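Read through the structure below, which is laid out as C-alpha cells, and then see the notes.
Please treat every number below as a calculation from the coordinates, not as lab data. A quick note: this is a predicted structure, and the numbers were derived from the prediction, not measured. Reconstructed Cβ throughout: ideal geometry from the backbone, glycine too, with neighbour counts over all protein chains shown.
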Amino acid sequence: MALATSTATSPAASTEQHFHRWRIDEPNGQLSIGTCKTCGATKEFKNWLSDGDFITNEEHRIAAAA
Ligand SMILES: [Zn+2]
C-alpha cells in the first residue's frame, strides 16, 4: 500500500467544530482579515464603523435607555 503514511501527527481533527479564536489584523480598508489561532482559517470582517460613526458602549447604553 502506498498510502501507508501516518497522519496521526497532524492535529487537524478540530477544524470543523470548535470556537474559532479569531485574531483580527489591522483594518485594511473596509475589511479586516481574521485568522483563527486554532485552525488557521481566515475570514473577512467588515469594518462597518465609518468615520464619525464610532459609538462607545456607554453611548449605546444611554441611547438604549432613552
Ligand atoms: Zn478555527
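If you plug the beta carbon distance of Q17 and K37 into 1/(1 + (r/R0)^6) with R0 = 25 Å, you get a FRET efficiency near 0.95. A cut-off under 15 angstrom between Cβ atoms defines the neighbours of K37, and their net charge, with Lys, Arg +1 and Asp, Glu -1, is +2. On full extension, the segment bounded by F45 and A65 gains 4.3 nm, given 0.36 nm per residue less the C-alpha separation.
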